[in-house]
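Everything on this sheet refers to the single structure shown next.
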Amino acid sequence: MFVAVEGIDGAGTTTLTGNLKSMLEDSGMTVHVTREPSDLTVGRFIRAELSTHRAGMPDRMALLFAADRVEHYFTEILPKSQENIVISDRYKLSSLAYQGALGADVAWVDTINSRVPWPDLTLYVELDPEVAYDRLRVRDALEEYETLVFQKKVARFYGRLLERHDFPLVRLDGRLAPDELARQAFRHIMEARGASLESS
Ligand code: TYD
């Protein structure tokens, strides 16, 4: 099974991913946690770009993220998801929201990402951009995309994407305590897993 965790910066996707891993493992499941940008060649290149403030040109970045995703999906996510629950901290919804908010055409971003499938379940952690930004500010160096104005725009793009119903998605309340958020996410994963086992 393949699950992606999504949200604006500061929404808590990384914390949720870690907590879910522990909770699923405690229930006897094997879990592989990963992230995008990935830790593969293009993903590492993208991280370097983001940390040195050279993330301009949304079409170029969209292509880099898509290239990273193709490698990540086919060499890591797909093989690992045969026997594990794979949880990716961000996946293709991030490209539609972030590169869309930066000015890339969302339909085109969708097209260049069409070689990889949607996850079995996408967990969207919803949090007010002001609250998320306050969380980010207490961390150290802010990255290229971490300004409040931009995060508000990304939240609007995510909002529009949540209206689409062509892939399985649930919304979670990012204001919840981390344990409760993980418990709710866990329940949704179990439900989705039950449904996919029934249909197979
Ligand atoms: P992030 O998960 O925030 O990494 P870290 O926790 O190490 O800071 O991801 C880095 C940034 O990249 C984040 O602002 C979201 C952005 N991003 C995109 O713009 N497009 C994408 O397709 C992905 C996966 C991430």
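A few remarks follow.
- Rounded to 5, percent antiparallel among DSSP beta bridges of region 2-199: 0 percent
- Debye intensity ratio I(q)/I(0), log10, the chain, q values 0.09 Å⁻¹ (C-alpha model): -0.31
- Residue separation of S199 and E71 scaled by 0.36 nm, minus their Cα-Cα distance, works out to 43.2 nm of gained length.
- Net length gained if the chain between S27 and R44 were fully extended (0.36 nm per residue, minus Cα distance): 2.9 nm
- Percent accessible area from carbon and sulfur atoms, region 2-199, protein chains only, probe 1.4 Å: 53 percent
- Added length on full extension, which subtracts the Cα-Cα distance from 0.36 nm per residue, R135 to S51: 28.4 nm
- Probe 1.4 Å, accessible area per residue of the chain, Å²: 49 Å²
- Per-residue surface analysis assigns D39 an accessible area of about 80 Å², computed on protein heavy atoms at 1.4 Å probe radius.
- Dipole of the chain [Lys/Arg +1, Asp/Glu -1 at C-beta], most positive-end residue of I85, Y133, M190: Y133
- In the chain, helical runs assigned H by DSSP with n ≥ 4 each contribute -39500 (n - 2.57); averaged across all residues and rounded to the nearest 500, the mean residue ellipticity at 222 nm is -15000 deg cm²/dmol.
- Total lysine pairs whose alpha carbons fall under 28 Å of each other in region 2-199 (8 or more apart, or interchain): 5
The values are calculated or read from the model by the stated rules, or taken from the named source; none is laboratory data. For clarity, every value in this text was computed on a predicted model and none was experimentally measured. In this analysis, Cβ positions are derived from the backbone assuming ideal geometry, glycine residues included, and neighbour counts consider all displayed protein chains. Just so you know, the surface numbers come from the protein's heavy atoms only, side chains and all, with ligands and any DNA or RNA stripped out. Shrake-Rupley method; radii C 1.70, N 1.55, O 1.52, S 1.80 Å.
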